[in-house]
Structures are given as C-alpha cells and as structure tokens.
1. Quick one: 3J(HN,Hα) in Hz for segment 189-201, Karplus 6.51/-1.76/1.60 with θ = phi - 60°, rounded, Gly and Pro as x.
2. Residue-wise, which Karplus ³J(HN,Hα) couplings in Hz belong to segment 158-166, taking 6.51 cos²θ - 1.76 cosθ + 1.60, θ = phi - 60°, and x for glycine or proline?
3. Once neighbouring chains are kept in place and the probe is 1.4 Å, which whole percent of the accessible area of the chain is contributed by carbon and sulfur?
4. Ignoring everything except DSSP H segments at least 4 long, calculate the 222 nm mean residue ellipticity for the chain; use -39,500 (n - 2.57) per segment, divide by total residues, nearest 500.
5. Please work out the average accessible area per residue across segment 30-144, using the 1.4 Å probe convention, and give it in Å².
6. What are the extents of the Cα atoms of the chain along their three principal axes, listed from largest to smallest and rounded to whole Å?
7. Which value, in Å², gives the accessible area per residue of segment 145-278 when a 1.4 Å probe is used on the protein heavy atoms?
8. So, taking all protein chains as they sit and a 1.4 Å probe, how much accessible area belongs to Thr220, in Å² rounded to tens?
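The values are calculated or read from the model by the stated rules, or taken from the named source; none is laboratory data. Please read all numbers here as calculations on a predicted model, not as lab measurements. SASA here: full protein model, heavy atoms, side chains in, ligands and nucleic acids out. Shrake-Rupley method; radii C 1.70, N 1.55, O 1.52, S 1.80 Å.
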Amino acid sequence: MNRAELADFLRRSRARLEPSDVGLAAGARRRTPGLRREEVAALAGMSVDYYTRLEQARGPRPSRQMLGALARALRLTGDERDHLFHLAGEEPPRAESASAHIRPGLLLILDRLHDAPAQVMTDYGDVLAQNAMAAALVGEAGTGRNVVRRFFTDPRARALFPPEDHAGHARSHVANLRAVTAARPNDPAPAALVAELRAASEEFAALWDSHEVAVRRASTKRFQHPTVGLLDLDCEILLSSGDNQLLIVHTARPGTAAHERLELLRVLGLQTMTPAHP
C-alpha cells in the first residue's frame, strides 16, 4: 500500500468535483474547490475520521469493498478505479464478472433524477447505488444488499408489494437469475447466490427447478408504501453495455393518483424510508 500516493490521489480526486457533480446543493460559499471530506465520506458510507486519515496518509488499508465505495463516491473512471486499487495494494476487480464500478456518466444520470426513484444494480440484483427517492420508496440500500436474496428471505421485503403480486415477482426474480447464470457460467457471484437461496428457500428451489428463463425488462409495478399508500409505477430498465449493470427508474404518469402520491413521497423524503426493495 502506497499511503502517500493514495492520499494525494484522494485529495486531488475530491478537489476536482463540484457538489452538483454528485447531486448535492452548493450551499454556502466554499473556501476551497471541490467536495468537503465529510461529503465524500457520506457518499462512500464511511466515517469522516476514517476518510480523513486516508487523506493524511495514516489510515489502515481500505477493504476492497471500501475501495469500490470510494471509487463511486469520487466518480472515478474505470482506469482511475483500477489505479486506486493498485495504490492500496489490491488487484482491481476482474472484467469477466459483473462490475461493481459505476461509470461517472451513469452516476450523473442517477444524481439528476430528483423526482423519480432510481437505482443502479448488477444484473443479478446487487444494489450498487440509489438516489434519495429510491431510498424513500424501497429503503436505503445497505452495503452488499441483493434484492433477490431479500425477497426470498426477508418478509419485510415482500410487505412493500400487494400479496397478490408476490408470485409474479418471485417468478421474475428466479427467471432473470437463471438467464444471468447461463450467460456467465464462470462468474462465481450469481452461482453462489443460487446455491445460497436453494438451501434457504423452498419457494426459490421449486421455481429454480421449473427452469423458467426471462431477462428483466420494463414493466408496471405496484408498491404498497406504508405511508403514502398504493403506487402504480412504470418501471424502466436501462442496460449499461459491457458492465452487466441496470439503471432502474420508476415513474408515475402525470394526473394519476400515483403521481400525486409519488410527489408526496418526494416531499416526505427519507423520513418515510422502509427497509424493503423493488
């Protein structure tokens, strides 16, 4: 680990970003260019003290998970992400698996979607980033959260949907995962998820054995939010070519009750956050 070079790279990467680049308001006039340390720490999900020590070349070696979070927080390109890993004495993630690194352009789109719930996830369901509206609708994404795992193992995840829709969501999750594992047989992450869920959920195991295949596509979803009520939302799915990532955006048609409730949810913000997932 090259602490001095890592510290310098972090400082310079932070200095070149403006608050608007990461979806933050500029606020009061800033004495120095770039983001504040506490803003980067919040975006990366780490303590300010830990991040400060990294910039001062006196922190411990970051984990691979933390390096990925820093790369996303600082909007690093793929080459810059790899450089960050090398400075920390780690090998960058291999390209043959679904990438956990989100391109800066995709993050910029996510930051600009202020009035629509949106999140980026791998094609097998690991949530990589989400905006505030998505957190308010489906709950804040913790590190490593997988929507398929939660749907089959956490009753709170299903409570966000009307009971009559559960069977359809279950089949969709399993059919998409079947397609992903067939397309990338050498990627250990989707295969490990399948093995875990076959052991943990009889429902998942039965659906897996039925061998249905269907890639996740645009649809209409109903959310039973505990605060604003039933929301009928259009779900658009955009594929990030080559990275096996999906940008999922939920919108409501203007003039509908769902549109009014979604606007209410935007006003309420994260105060109405519930720990579930789409």
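1. 5, x, 5, 5, 5, 4, 4, 4, 6, 5, 7, 8, 9
2. 7, 5, 7, 10, x, x, 5, 9, 4
3. 52 percent
4. Calculated from helices alone, the mean residue ellipticity at 222 nm is -13500 deg cm²/dmol.
5. 44 Å²
6. Principal-axis extents of the Cα atoms in the chain, largest first: 55, 46, 29 Å.
7. It amounts to 50 Å² per residue over segment 145-278.
8. 90 Å²
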